[in-house]
Amino acid sequence: MPAKVLVVDDEPYMHVLLRHHLVRLGFEVLKAENGHEAVEIAALEKPAAIIMDVMMEQMDGLAALKQLKSLDDTKQIPVVMITANAHHVTRELAESSGAALFLTKPFSPTKLMLEIQRLAQPAGN
């Protein structure tokens with residue numbers, strides 16, 4: 001059974017782009033369009049990793065990250081935060097809130113996929 005990766009972004013293009021790369025690596029891709037959906041889906045599906053945009057309507061990525069890290073069922077899931085506006089959220093703030101990695105757009109899809117492969121490995125592998 002392939003590991004699941006949850007992609008959280010309010011831009012459809014990012015879902016298409018990331019799904020393309022993740023599927024090629026053998027991951028099952030889950031989709032959320034805002035922080036509320038991300039928290040609900042993560043609690044139900046328990047993905048191996050989450051890729052989440054910072055700037056979204058309803059609940060932004062930082063608020064969702066804090067909620068994910070406060071819940072027993074989701075606090076161990078590694079979260080990669082991505083943003084087009086590095087001035088809105090700093091790397092330090094994202095990482096101190098529990099992000100495993102912080103990338104600014106445009107980012108290297110190859111680098112992101114290498115990090116997801118590393119982060120999505122089961123403990124002990």
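The values are calculated or read from the model by the stated rules, or taken from the named source; none is laboratory data. Predicted, not measured: the structure shown is a model, and the values here were computed from it. Reconstructed Cβ throughout: ideal geometry from the backbone, glycine too, with neighbour counts over all protein chains shown. Note: accessible area is taken over every heavy atom of the protein model, side chains too, but ligands, DNA and RNA are not part of it. Shrake-Rupley method; radii C 1.70, N 1.55, O 1.52, S 1.80 Å.
When the accessible area of the chain is computed with all protein chains present and a 1.4 Å probe, what percentage of it is carbon and sulfur?
53
Placing +1 at every Lys and Arg Cβ and -1 at every Asp and Glu Cβ, with all other atoms neutral, what dipole size does the chain have around its Cα centre, in debye to the nearest 20?
500
Among ALA42, HIS20, ILE82, which residue has its Cα positioned farthest towards the positive end of the charge dipole of the chain, with +1 placed on the Cβ of Lys and Arg, -1 on the Cβ of Asp and Glu, and the dipole taken about the Cα centre?
So the residue furthest toward the plus end is HIS20.
If amide hydrogens are placed 1.01 Å from N in the peptide plane, which non-local residues have theirs closer than 5 Å to the one on LEU103?
MET81, ILE82, THR83
Give me the compactness ratio for the chain, meaning the Cα radius of gyration over 2.2 N^0.38 Å.
0.94
How big, in percent, is the set of alpha carbon pairs in segment 50-112 lying more than 16 Å apart?
Tail of P(r) above 16 Å: 39 percent of Cα pairs.
Per residue, how much accessible surface does the chain expose to a 1.4 Å probe? Answer in Å², no decimals.
Accessible area per residue, the chain: 53 Å².
Sorting check: for 42-54, 64-76, 3-15, which peptide has the highest mean count of neighbouring beta carbons within 10 Å, and how do the rest follow?
42-54, 3-15, 64-76
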